[in-house]
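Colleague: One structure coming up, written as structure tokens, with questions to follow.
The values are calculated or read from the model by the stated rules, or taken from the named source; none is laboratory data. This is a predicted model, so every value here is computed, not measured. Ideal geometry is used to build each Cβ from the backbone, glycine not excepted, and the neighbour counts take in all protein chains shown. For the accessible areas, the whole protein counts, side chains as well, though only heavy atoms, and no ligand, DNA or RNA atoms are used. Shrake-Rupley method; radii C 1.70, N 1.55, O 1.52, S 1.80 Å.
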Amino acid sequence: MIIAIDGPAAAGKGTLARRLAEKFNFAYLDTGALYRAVALSLIKDGYEPLNEEAARHAARTLNLDLLNDPDLRLEATGSAASYVAAMPDVRRNLMEFQRKFSESPPENKAGAVLDGRDIGTVICPNADLKFYVTASAEERAKRRVAEMKSRGVEADYAEILEDVTARDARDMDRKDAPLTKAEDAHLLDTTDLAIDAVFLRAAAIIENCIKPQ
Ligand code: C5P
């Protein structure tokens, strides 16, 4: 079973995806981490995120060790990731890894949960279930600030809101695989919904799909 979860930055899709994978014992792939790893590789080598040749090379020879680098989670890495993610060659190079993961999940798991921006539309258009998780930009910025502060990281609400809004625009307006809700995706607006309620709603939809008809 393939479950596709898409949505804008900081909407809560990562937490939801991780909890669903745990509940149903499915494999989980955070596809944003792949784009972040490409961006981080450029940052570490002193390249601008807009350097297409360097980005193409980093995606083709992706260093998976970077997935465990603490700098992967920095705001600056997420922002740089949205620049390399607009490059068709970078997307093409990361596609196969994602498709393979969904078709043959590691450890012979019976299913895979993938979260990102184009899972339901491009990577796994035939996913068994699709969710589009979103929330207002203000609410997402608020959550991002709270999450950063809980890690002891300085965060300015206005700056984060600007970053979230700019990233939305880059992800939604790019030509190749823009962020958009797949027609057959379940919409989960988490603006006024706690993560537990979102999780219960999504889990019920999956259970209903697994249940023999
Ligand atoms: O989800 P996360 O914030 O880690 O993603 C970082 C960036 O990677 C996004 O802003 C987006 O530009 C890009 N991305 C993408 N397609 C995906 C996952 C992430 O374009 N499937």
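Colleague: Kindly provide the set of residues from region 95-108 that are over 16 Å from residue 30 (Cα atoms) and touching a residue at least 24 places away in the same chain (Cβ under 8 Å), ordered by number.
Modeller: Listed by number, the list holds a single entry, 107.
Colleague: Before we move on, is residue 147 of a type in the set (D, E, K, R) and assigned to a helix (DSSP H, G or I)?
Modeller: Answer is yes for this residue.
Colleague: Here's a follow-up. Does region 126-137 contain any residue that is open to solvent by less than 30 Å² (accessible area, probe 1.4 Å), assigned to a helix (DSSP H, G or I) and within 10 Å of the ligand (Cβ to nearest atom)?
Modeller: no
Colleague: May I pose another question? When you go through 83, 35 one by one, which is the residue that is modelled with pLDDT of 95 or more and open to solvent by 60 Å² or more (accessible area, probe 1.4 Å)?
Modeller: Within the list 83, 35, the selection yields 83.
Colleague: Moving on. Scan region 170-189 residue by residue and report those that are within 15 Å of the ligand (Cβ to nearest atom) and not acidic (Asp, Glu).
Modeller: Residues satisfying the conditions are 170, 172, 174, 175, 177, 178, 179, 180, 181, 182, 185.
Colleague: Can you name every residue in region 1-39 that is near the ligand (Cβ under 10 Å from one of its atoms), charged (D, E, K, R) and over 23 Å from residue 87 (Cα atoms)?
Modeller: Scanning region 1-39 gives a single hit, 13.
Colleague: Another question, then. Do you know which of the residues in region 170-184 that are of a type in the set (Lys, Arg) and not in a helix (DSSP H, G or I) is nearest to residue 125 (Cα to Cα)?
Modeller: So, considering only residues that are of a type in the set (Lys, Arg) and not in a helix (DSSP H, G or I), the one nearest to residue 125 (Cα to Cα) is 181.
Colleague: Every residue in region 185-212 that is surrounded by 13 or more Cβ atoms within 10 Å (Cβ to Cβ) and outside any helix (DSSP H, G or I), please.
Modeller: Matches in region 185-212: 185, 186, 188, 189, 190, 193.
Colleague: Something else: Taking the stated definitions as given, is residue 30 without any contact (Cβ under 8 Å) to a residue 12 or more places away in the chain and either closer than 28 Å to residue 145 by Cβ or surrounded by fewer than 16 Cβ atoms within 10 Å (Cβ to Cβ) (or both)?
Modeller: Considered against the rule, which asks whether it is without any contact (Cβ under 8 Å) to a residue 12 or more places away in the chain and either closer than 28 Å to residue 145 by Cβ or surrounded by fewer than 16 Cβ atoms within 10 Å (Cβ to Cβ) (or both), residue 30 comes out as no.
Colleague: Of all residues in region 142-169 being within 14 Å of the ligand (Cβ to nearest atom) and among the small types (Gly, Ala, Ser), which is nearest to residue 127 (Cα to Cα)?
Modeller: Residue satisfying both the conditions and the ranking: 169.
Colleague: So which residues in region 65-80 are within 10 Å of the ligand (Cβ to nearest atom) and open to solvent by less than 30 Å² (accessible area, probe 1.4 Å)?
Modeller: Result: 72, 77, 78, 79, 80.
Colleague: Find all pairs meeting these conditions: Cβ atoms under 7 angstrom apart; at least six residues apart or on different chains; first residue within region 80-94 and among the basic types (Lys, Arg); second residue more than 7 Å from the ligand (Cβ to nearest atom).
Modeller: If the second residue must be more than 7 Å from the ligand (Cβ to nearest atom), the pairs left are 91/176.
Colleague: Just to be sure before I move on: is residue 48 open to solvent by 30 Å² or more (accessible area, probe 1.4 Å) and in contact with a helix residue (DSSP H, G or I) (Cβ under 9 Å, 6 or more places away or on another chain) in the structure I sent?
Modeller: Spelling it out, residue 48 is indeed open to solvent by 30 Å² or more (accessible area, probe 1.4 Å) and in contact with a helix residue (DSSP H, G or I) (Cβ under 9 Å, 6 or more places away or on another chain).
Colleague: Going by the structure shown, is residue 23 surrounded by fewer than 22 Cβ atoms within 10 Å (Cβ to Cβ), in contact (Cβ under 8 Å) with a residue 60 or more places away in the chain and of a type outside the set (Gly, Ala, Ser)?
Modeller: So residue 23 fits the description; yes.
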